[in-house]
Structures are given as C-alpha cells and as structure tokens.
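Data first, discussion second: the structure below is written as structure tokens.
The values are calculated or read from the model by the stated rules, or taken from the named source; none is laboratory data. Quick caveat, the model's predicted, so the values are computed rather than measured. Every residue, glycine among them, receives a Cβ derived from its backbone with ideal geometry; neighbour counts consider all protein chains shown. Please note that ligands, DNA and RNA were not included when accessible areas were found on the heavy atoms of the full protein model with its side chains. Shrake-Rupley method; radii C 1.70, N 1.55, O 1.52, S 1.80 Å.
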Amino acid sequence: MKYVTADDYRGALPHFQRAVELDPSFASAHMRVANAIWQGGGQGSIANENIEKAYALRNRVSRREYFHITTRYFGYLEDGEKGASEAELWAEIYPHDAEAHYILADNAMWKGNWEEAVKHGLLSVEFNPHDNRNYYNLAVSELALDRLDAAKRTCDQAIARNKNDAPIHLIRYWIAFVRHDPKEMENELRLLGDLAREDPQTNFRLLLAEMATEMYYGNLARARGFFQRLATIQPGVSAFWAILNAELGNKSEARAYARRATEGHKPDEGDFVFALAAAWTGEISLAEKWAAGYDRKSPLGWLLQNRYLPVMRAALAMARENATEAIEHLRMVNGNTPFWSNDPSSIDGMMPAYLRGQAYLQLRQGKEAASEFQRVIDHPGIVVNALFGPLARVGLARALCSSR
C-alpha cells in the first residue's frame with residue numbers, strides 16, 4: 001500500500017492487477033484495481049468491470065473489507081447518499097478506522113460541509129498519519145474555511161513524510177496564492193515543475209494551476225499559452241476556455257470552444273463540464289442533448305441531481321434570458337462549493353454562487369445579486385485562483401450600481 005499512501009496510483013495498479021491474476025476471487029484486489037484506475041486516470045471500462053466483480057464477491061470478505069467495497073461501489077453508481085450511509089455505519093462499527101473517516105471527509109467536501117470535513121480529516125490523520133491522502137483532505141478543508149495557518153501546518157506535516165507529494169505542494173501553492181505571496185508561489189511552482197518532469201499527471205495539474213492564475217489576473221496572452229499546451233494533453237479543457245470567452249463577451253469564439261470540447265465524445269462518456277460550457281455559451285441544443293444523456297446514465301446520482309444538472313439547467317435558463325427559472329434551479333445547490341470537484345483543482349470555485357448573482361443581476365435585483373457576489377469574494381480559500389474570483393468583483397460593482 002506504499003504507493004497508495006504516496007498518492008501513486010499508477011505505481012500501485014500493476015501490483016493489484018497481479019493479485020487479481022493470482023486469485024480471480026480476491027474481492028478486495030478487484031476493488032483496489034478499480035480505485036487505482038479511477039484515481040490514476042486510466043481506462044474507465046476496466047475499472048467498472050473490477051468494481052462490479054468486487055461487489056459481487058462482497059459477502060466473501062471481512063466486515064471491514066465489505067465496507068471498503070460497498071462505499072466504492074456506491075461511489076461508482078454515483079449514489080452519494082448510500083455511499084455516505086455505508087461510510088457512517090463503517091465509522092460507527094470501526095470508530096478508529098482511518099479509511100472510514102477519509103471517505104466521510106471526502107463526502108463532506110463534495111457537499112461543501114467544510115467543518116464536517118475538517119472533523120473527519122483530523123480523525124483520519126490521527127488514526128493513520130502515514131497516508132498523505134488524509135492530510136490532503138484535511139488541508140483542503142482548512143483552506144476552504146480560510147484557516148491558512150492550519151492548512152499550512154497540515155501540508156508541512158505531509159511534506160515531512162514525503163517531500164515529493166505533488167498534490168500537497170499544489171495546496172501550498174494555493175495557500176500562497178490566497179496569502180498574496182508571490183515568492184512562495186514561485187517556490188512551489190519550481191518544486192512542482194521538477195516533479196512534473198517525471199509525472200504526466202503532475203504536469204497537467206501544474207499547467208492548469210498556472211493557466212488559472214494567469215486568467216485570474218487578466219493576463220490572457222499568457223493564459224492562452226498554458227491553455228494551448230493543456231489542450232494537447234486534454235482537449236476537454238476547451239470547456240473552461242469557452243466559459244472565459246463567454247464572460248469576456250467573445251461569443252463566437254466561446255461557442256467554437258464549447259463545440260470543440262465535445263468533439264470525439266458522447267454525452268455519457270465525457271466530463272459534465274462540457275454540457276455546462278455549451279449552456280453557458282448559448283449552444284442550447286448541444287447542452288440539452290448532453291444533459292439528457294447524463295440524466296439517463298445516472299438518474300440517482302447525488303452530485304448529478306443536486307449540483308451538475310441544476311447548475312447546467314440554470315445556465316441554460318440564463319441563455320434563454322429566464323433568470324427566474326435559473327434561480328429556482330439553483331435553490332438546491334450549496335453556494336459554498338466548486339461546481340465540478342471538491343477542491344480548487346477544478347478551477348471553478350464558487351461557480352454556483354456566481355451564476356446565482358448573475359441571475360439576480362439579470363432581474364435587476366441588485367441587493368440580492370450583491371449578496372451572492374460578495375459570498376464569492378468572502379471565500380478566497382474555496383475560490384483560490386478560479387476566474388470567478390475577479391468576475392465576482394465586476395459583478396458586485398454592477399450590482400451596487402443597479403441597486404442605487
């Protein structure tokens with residue numbers, strides 16, 4: 001498990017696959033193959049096949065391993081409520097099991113329940129201080145609550161264990177960004193650059209962080225340079241470039257990038273952010289097609305029904321100039337979250353709150369709009385370097401003018 005605790009899922013995968021080859025009935029090995037593939041960015045169909053095998057064999061394992069498998073399986077089904085229930089029962093039966101608390105922290109992060117995430121993050125670190133994943137969740141949650149000193153201490157503890165932990169260095173970069181500390185930001189970029197030479201995933205994270213920072217400060221020529229490099233690695237990053245151009249008023253370019261993001265993908269295969277980009281840029285028929293495909297694929301998915309689809313439908317309503325409908329769709333969405341992920345790596349922090357502010361602005365309800373934009377500004381540890389940080393300041397100025 002040394003590879004997993006070091007967040008090296010690609011290194012762990014061959015060992016888990018070998019275990020499955022030696023014993024095809026090894027349920028926990030199937031579960032770990034699936035998890036390593038998901039975490040390492042591998043082929044989803046093989047991961048799905050393995051988690052289904054693990055779930056079919058779940059009654060052959062210990063009670064603790066049973067919980068390992070069922071929580072991962074319900075995650076695969078995107079049934080967050082059942083997954084959380086299993087994890088809560090797991091922690092109740094095995095209160096000192098760090099993995100149960102790690103999963104509960106992760107679930108709380110997805111829902112924007114940051115205090116709950118910190119509680120379980122602290123317990124996961126206490127019960128297993130050798131696993132850097134636990135430090136990651138704890139530090140991100142402390143950052144989200146603007147507890148920058150605590151987040152930095154958590155990162156320092158993790159780095160003391162593994163100085164080459166790229167995700168932890170990325171959190172230290174985010175902390176330095178929020179603190180407006182360019183020297184420390186540059187130091188972390190240098191360290192991440194060294195690690196990126198050996199790891200494609202770290203290289204992608206580094207380029208994305210640099211693009212986001214340049215977008216945040218309005219250095220669009222430099223941001224475009226990072227975007228072009230990212231697009232050769234992951235064409236889907238065009239979705240974020242489409243949203244940026246839509247906000248800048250470059251409508252035709254925004255739509256072109258939204259269409260480009262979906263090329264070569266089917267609605268049940270690509271990232272849901274593709275549908276959002278289509279909606280945001282006014283590609284209504286494309287967005288509707290993608291939303292319908294996802295709804296059919298995972299009708300019970302908690303994130304789908306409580307965040308992704310409502311935000312996408314709100315963006316669609318805004319494209320149709322129906323701000324009242326947009327606000328209704330956003331009522332079920334916690335504004336204190338990113339849209340796509342549960343940490344700042346998705347560079348879309350506080351998007352739901354920003355979109356709600358734009359809807360109120362469209363209705364000329366300046367006071368309500370100002371409240372939403374201020375919410376974005378007041379949570380730098382969630383927004384970090386996402387483009388909705390500076391855009392919220394523009395929105396706030398507009399809202400204050402309209403309320404006079």
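Among the helices (runs of 4 or more DSSP H) lying completely within the range 172-235, list those that include at least 3 residues that are hydroxyl-bearing (Ser, Thr, Tyr). Let's see the steps before the verdict.
On the way: elements: 182-196, 200-216, 220-233.
Those helices (runs of 4 or more DSSP H) span 200-216.
Which members of the range 26-56 meet the condition of being outside any helix (DSSP H, G or I) and modelled with pLDDT of 85 or more? Write out each step before concluding.
Of the residues in the range 26-56, the ones outside any helix (DSSP H, G or I) are 26, 41-43.
Within the range 26-56, just Phe26 meets the criteria.
Would you be able to say whether some residue in the range 333-344 is within 18 Å of the chain's Cα centre (by Cα), closer than 20 Å to Val178 by Cα, outside any helix (DSSP H, G or I) and charged (D, E, K, R)?
Within the range 333-344, the subset within 18 Å of the chain's Cα centre (by Cα) is 333-344.
Filter again for closer than 20 Å to Val178 by Cα, leaving 335-339, 341-344.
Right, trim to outside any helix (DSSP H, G or I) and you get 335-339, 341-343.
Adding the requirement that they be charged (D, E, K, R) leaves 343.
Yes: the range 333-344 contains one or more residues that are within 18 Å of the chain's Cα centre (by Cα), closer than 20 Å to Val178 by Cα, outside any helix (DSSP H, G or I) and charged (D, E, K, R).
Got a sec? Which of Ala160, Ala212 is among the small types (Gly, Ala, Ser) and buried (at least 16 other Cβ atoms within 10 Å of the Cβ)?
Values: Ala160 fails: buried (at least 16 other Cβ atoms within 10 Å of the Cβ).
Matching residue, one of Ala160, Ala212: Ala212.
For the range 111-129, which positions are open to solvent by 40 Å² or more (accessible area, probe 1.4 Å) and either closer than 16 Å to Pro344 by Cβ or modelled with pLDDT under 95 (or both)? Break it down stepwise before answering.
The first filter runs over the range 111-129 and keeps only residues open to solvent by 40 Å² or more (accessible area, probe 1.4 Å), leaving 111, 113, 115-116, 119, 122-123, 126-129.
Residues satisfying the conditions are Lys111, Asn113.
Go through the residues of the range 57-69 one by one and say whether even a single one is more than 17 Å from the chain's Cα centre (by Cα), at pLDDT below 85 and surrounded by fewer than 21 Cβ atoms within 10 Å (Cβ to Cβ). Break it down into steps so the answer makes sense when it comes.
Step one: list which residues in the range 57-69 are more than 17 Å from the chain's Cα centre (by Cα), which gives 57-69.
In the following step, the residues that additionally are at pLDDT below 85 were identified as none.
Within the range 57-69, none of the residues are more than 17 Å from the chain's Cα centre (by Cα), at pLDDT below 85 and surrounded by fewer than 21 Cβ atoms within 10 Å (Cβ to Cβ).
Given the conditions (1) over 20 Å from the mean Cα position of the chain (by Cα); (2) touching a residue at least 12 places away in the same chain (Cβ under 8 Å), report the number of the one that His120 does not fulfil.
Status for His120: all satisfied but (1).
Could you list all residues from the range 354-382 that are among the small types (Gly, Ala, Ser) and free of Cβ contacts under 8 Å to residues at least 24 places away in the same chain? Explain how you work it out, then say what you get.
At the first step, the residues of the range 354-382 found to be among the small types (Gly, Ala, Ser) are 357, 359, 366, 369-371, 381.
Matches in the range 354-382: Ser371 only.
Tally up the residues in the range 370-381 that are touching a Ser or Thr at 6+ places or on another chain (Cβ under 9 Å) and open to solvent by less than 10 Å² (accessible area, probe 1.4 Å), please. Explain how you work it out, then say what you get.
First, pick out the residues of the range 370-381 that are touching a Ser or Thr at 6+ places or on another chain (Cβ under 9 Å): 370.
Adding the requirement that they be open to solvent by less than 10 Å² (accessible area, probe 1.4 Å) leaves none.
Of the residues in the range 370-381, 0 are touching a Ser or Thr at 6+ places or on another chain (Cβ under 9 Å) and open to solvent by less than 10 Å² (accessible area, probe 1.4 Å).
Of all residues in the range 70-97, count the ones that are over 20 Å from Asp23 (Cβ atoms), open to solvent by less than 60 Å² (accessible area, probe 1.4 Å) and charged (D, E, K, R).
Result for the range 70-97: 3.
One residue is enough: does the range 130-140 have a residue meeting the conditions of a type in the set (Ser, Thr, Tyr) and open to solvent by 30 Å² or more (accessible area, probe 1.4 Å)?
yes
Under the condition of being open to solvent by 30 Å² or more (accessible area, probe 1.4 Å) and among the hydrophobic types (A, V, I, L, M, F, W, C), which residue from the range 27-56 is farthest from Ala91 (Cα to Cα)?
Start the filter on the range 27-56 by keeping residues that are open to solvent by 30 Å² or more (accessible area, probe 1.4 Å), which leaves 32, 38-39, 41-46, 48-49, 52-53, 55-56.
Right, trim to among the hydrophobic types (A, V, I, L, M, F, W, C) and you get 38, 46, 56.
On the way: Trp38: 24, Ile46: 29, Ala56: 23 Å.
This residue is Ile46.
Looking at Ala278, Ala223, which is the one that is within 23 Å of the chain's Cα centre (by Cα) and closer than 21 Å to Met318 by Cα?
On the way: Ala223 fails: closer than 21 Å to Met318 by Cα.
Of the residues listed, the single one that is within 23 Å of the chain's Cα centre (by Cα) and closer than 21 Å to Met318 by Cα is Ala278.
I need the full set of residues from the range 316-338 which are of a type in the set (Ser, Thr, Tyr) and modelled with pLDDT under 95, in order please. First the steps, then the outcome.
Residues of the range 316-338 that are of a type in the set (Ser, Thr, Tyr), as a first pass: 324, 337.
Thr337, the sole residue that qualifies.
Filter the range 348-369 for residues that are within 26 Å of Gly121 (Cα to Cα) and either assigned to a helix (DSSP H, G or I) or open to solvent by 10 Å² or more (accessible area, probe 1.4 Å) (or both) and give the result. Give the steps one after another, and end with the answer.
Filtering the range 348-369 down to residues within 26 Å of Gly121 (Cα to Cα) leaves 348-353.
Met351, Pro352, Ala353 - these are the residues of the range 348-369 that are within 26 Å of Gly121 (Cα to Cα) and either assigned to a helix (DSSP H, G or I) or open to solvent by 10 Å² or more (accessible area, probe 1.4 Å) (or both).
Working only within the range 383-404, note down all residues that are open to solvent by less than 60 Å² (accessible area, probe 1.4 Å), in contact (Cβ under 8 Å) with a residue 12 or more places away in the chain and among the hydrophobic types (A, V, I, L, M, F, W, C).
Result: Val383, Val384, Ala386, Leu387, Phe388, Leu391, Ala392, Leu396, Ala399.
Could you check Asp146 against (1) at pLDDT 95 or above; (2) assigned to a helix (DSSP H, G or I) and say which number it fails?
(2)
Of the numbered conditions (1) in contact with a Leu (Cβ under 6 Å, 6 or more places away or on another chain); (2) of a type in the set (A, V, I, L, M); (3) at pLDDT below 95, Ala108 satisfies every one except a single condition; which is it?
So Ala108 meets the others, but not (1).
Looking at (1) touching a His at 6+ places or on another chain (Cβ under 8 Å); (2) open to solvent by less than 10 Å² (accessible area, probe 1.4 Å); (3) over 30 Å from Tyr173 (Cβ atoms); (4) not acidic (Asp, Glu), which is the one condition that is false for Leu330?
With respect to (1) touching a His at 6+ places or on another chain (Cβ under 8 Å); (2) open to solvent by less than 10 Å² (accessible area, probe 1.4 Å); (3) over 30 Å from Tyr173 (Cβ atoms); (4) not acidic (Asp, Glu), Leu330 is out only on (1).
Search the range 174-232 for residues being among the hydroxyl-bearing types (Ser, Thr, Tyr) and out of contact with any Phe, Trp or Tyr (no Cβ under 9 Å at 6 or more places or on another chain), and hand back the single one that is farthest from Glu247 (Cα to Cα). Write out each step before concluding.
Residues of the range 174-232 that are among the hydroxyl-bearing types (Ser, Thr, Tyr), as a first pass: 202, 213, 216-217, 232.
Narrowing the set further to residues that are out of contact with any Phe, Trp or Tyr (no Cβ under 9 Å at 6 or more places or on another chain) leaves 202, 217, 232.
On the way: Thr202: 29, Tyr217: 15, Thr232: 24 Å.
Step by step, filter the range 174-232, then rank; the result is Thr202.
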